[in-house]
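Structure record follows, encoded as structure tokens.
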Amino acid sequence: MNLIRFALGRAKRLCLPEPLLADFLPPHLLAPPLPHLTMHTRMLATKQVKGHKNRQPKVKANAGKQEVEIRQWMTASELARAMNRDFDHVLEALLHTAVDLDDLDPDTPLEQRWIKEVVTRCGMKFRWAELKEARQREDCDATPRPPDPARLLPRPAVVTIMGHVDHGKTTLLDRLRRSQTAALEAGGITQHIGAFLVELPSGERITFMDTPGHAAFSSMRARGARATDIVVLVVAADDGIMTQTVESIQHARGANVPIIVAVNKCDKQQAKPEQVKQQLLAHDVVCEEFGGDVQAVHISAAKGENLVALGEAIVTLAELQELRADPSGPVEGVIIESRTDRGKGPVTTAIIQQGTLQKGCVLVAGRSWAKVRFLFDEHGGVTPRAGPSSPVQIVGWKDLPSAGDQILEVESEQRAREVVQWRCYRAEMDKLEAELQAVQAKQQDHAQRYQQEREGVAHLSWRQRRAALYRANRQQAARRPSEREQRQELCLPLVIKGDMDGSLEAILNLLESYDAHEQCQMEVVHHGIGDISENDVSLAETFSGSIYGFNVSANKSIQQLAAKKGVALQLHQVIYKMIDGLKEELSAKLPPRVSENVLGEAGILAMFEVSVGKKKVAVAGCRVQRGVLDRRMMFRVIRDQRAVWEGSLTALKHHKDEVQTVKAGMECGLSAEGGVEFRAGDSIVCYEEISTQQLISWDPGF
């Protein structure tokens, strides 16, 4: 109805005769109005002033239109808000245009011409937004405060034990603190960072940290080197310098931390401690015996030999460093591990560097904050406070911070929230800046390619140029795969759960080294800390993926749910076994490799026909030249070095007897299915197809 009235008004404005209007408009629209609905208009007279003419004021065409402030790359929802309309209004305005409305979402950026088109079609006028100076938020971050030199007191040294896997690092710590940690570790290797406060027989207190030596835990070793005062490099005297030994030296140098070399396993007959110290020269680690400043101590961690000398070397080096801290100032520390406990919630293991941590302190680490509820020592016992260089487990975090984050004490919970909000804002701004740079790089690349395409046809007329571009685009469209084709690429989506943040970090770093995407795609759709949950199973089912848990558990109901939904659930306690299981699953997704094994070959001597009932069957008379012809296998006819038929036999006879096999040197007659035409001189090959499982080519390095 609105469209008809619009057409009627347009026709009357064009002064069309009423008979012409009657041809295309319904009668009720042309009929005169009813008497009782007739509009009465009163004409008012105006006084004519001498010397002045009554002029009607000019009305501007856009005077009554709403003005909309626009800018480049506005999203559809932003444009709707600027026009004080809803998203559907924008969709209606873009009908019958080149914009694909099926792909248009509220967050889709619009080109400049479509922004103007929408505003114009909606009966509004636009104006470009003025450039305004970006309003910067005030920096509300928390920063470390320099300690008061007058309050500095000596503190224990923080010593990190580093080295290659199975060189005796954890056994050394067991001897120092008289425990049996190595016997409790899965696979006999350390897979977490542990921090322990040890009191030597001389009364000196030292905080030791044990780092994993396995190749997968490089990030953990780097984090341990950054949080320490002294690095004790454990090298097996019977094994020498290995890959992780060199890596540990590099981490210590990167953190500018002094090194003490502990040559372990000197009690073995094949031990060569002097050779180990000579090998260290190639890595610029010069021991005191060769004129350097690095102490080297020969020990046997298994028998506890010469451990007192190692402790004295650590204490001597710590005294030279003059390690001091302010126990009365604000708390500062570093997180070395973080995990989620079922009863305690987020729990972090930290080393206190300044101040004294107590219950009720408000802490900030990364983008999380905590009001300390409980403190636990390395043995799991509740402790009232933790001073400088003390390892402590902290309970009370609102969210789980990451390992390696710095801990700072703030005045109040409100201040903690302010710091976290600022850090989240900064992270979001950094992300937007990175995305903007990526968009600008894409636009620049597109502009360069467009310019190159235009340079090739710049000498042509506009008609020739248009035809040339049309042909080029048509060729590109022909080479482009159809969008409706289903991509049948192999893919393994993964849900990864770990017990601690450091372990999860090591696993994700390993998965980033995956380089066999051409064989099978691998994608981590979710990762987290804690036990396997129902949400993990549902997510894996949605993506048709698998769940891998490291040092976590899944209760019986979760396992039954995973089995019911067909979700593969693998739980591991040793990282290299977890990677082996992942490689096996990736290999199982690959199609088997089919190969042929030739069993025998025969030549056709003559052709003849035999009667089978009322049918004539073509039979080839052959002599087996080598190998064996087996009726149960596949056969191929070769003619002029070209395969003309492949299939199976219907009959194989030696003289008049049906046989299964015919050996070399024997003559036989055979017939095949499918009506193949044999010829004298053809070769017949008997072969079997062997299917072997492919192996994924990914090599994580261990």
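The values are calculated or read from the model by the stated rules, or taken from the named source; none is laboratory data. A quick note: this is a predicted structure, and the numbers were derived from the prediction, not measured. A quick note on method: Cβ atoms are made from the backbone with ideal geometry, for glycine too, and the neighbour counts reach across all protein chains shown. Remember, those area values only see protein heavy atoms, side chains included, never the ligands or the DNA or RNA. Shrake-Rupley method; radii C 1.70, N 1.55, O 1.52, S 1.80 Å.
Applying a threshold of 21 Å to the alpha-carbon distances of LYS344/LYS431; LYS169/LYS268; LYS344/LYS371; LYS344/LYS398 flags LYS344/LYS431 as lying beyond it.
One decimal place: the segment HIS527-ASP399 gains 44.5 nm when fully extended, by the rule 0.36 nm per residue minus the C-alpha distance.
Residues whose amide H falls under 5 Å from that of CYS491, counting only those 5 or more places apart or on a different chain, are GLN521, with hydrogens built in the peptide plane. Taking other residues whose beta carbon is less than 15 angstrom from the beta carbon of ALA606, and scoring Lys, Arg as +1 and Asp, Glu as -1, yields -1. With the highest mean first, a sort of the peptides 676-685, 584-593, 426-435 on other beta-carbon atoms found within 10 angstrom per residue produces 676-685, 584-593, 426-435. Amide H contacts of ILE260 (H built 1.01 Å from N, in plane; Pro and chain starts excluded): VAL231, VAL232, LEU233 sit under 5 Å, all sequence-distant by 5 or more or on other chains. Sequentially through the stretch 454-467, phi angles give Karplus couplings (6.51, -1.76, 1.60; θ = phi - 60°) of 6, 4, x, 10, 5, 7, 8, 6, 5, 5, 5, 5, 5, 5 Hz, Gly and Pro residues having no value and appearing as x. Across the accessible surface of the stretch 234-300, with the other protein chains kept in place and a 1.4 Å probe, carbon and sulfur atoms take up 43 percent. With all protein chains in place and a 1.4 Å probe, the accessible surface of the stretch 487-535 carries 43 percent carbon and sulfur.
A 1.4 Å probe over all protein chains sorts VAL552, VAL439, VAL382, VAL662 by accessible area into VAL382, VAL439, VAL552, VAL662, starting with the largest.
Ranked by solvent-accessible area (1.4 Å probe, protein heavy atoms only, all chains present), the residues HIS526, HIS459 order from largest to smallest as HIS459, HIS526. Tally Lys/Arg at +1 and Asp/Glu at -1 over every other residue whose Cβ is under 11 Å from the Cβ of CYS686; what's the total? The answer is 0.
Only lysines eight or more places from LYS125 in sequence, or on another chain, were considered; those with a Cα closer than 18 Å are LYS60, LYS65, LYS116. The modelled label-to-label distance for the pair HIS654/VAL594, using points 7 Å beyond Cα in the direction of Cβ, is 3.0 nm. Excluding same-chain neighbours fewer than eight residues apart, the aspartates and glutamates reachable from LYS272 by a Cα-Cα span under 14 Å are ASP238, ASP239. Taken one residue at a time, the phi angles of the stretch 534-546 give Karplus couplings (6.51, -1.76, 1.60, θ = phi - 60°) of 5, 5, 5, 5, 5, 5, 5, 5, 4, 9, 6, x, 10 Hz. Gly and Pro are set to x.
Amide H contacts under 5 Å for ASP682: ILE604, restricted to partners 5 or more places along the chain or on a different chain, H placed in the peptide plane at 1.01 Å from N. Summing charges over neighbours of TYR450, with a neighbour being any other residue whose Cβ is under 14 Å away from its Cβ, gives +1 when K and R count +1 and D and E count -1. The solvent-accessible area of TYR425, taken with every protein chain present and a 1.4 Å probe, is close to 50 Å². In whole percent, how big is the carbon plus sulfur part of the accessible area of the stretch 355-433, probe 1.4 Å, protein atoms only? Here it works out to 44 percent.
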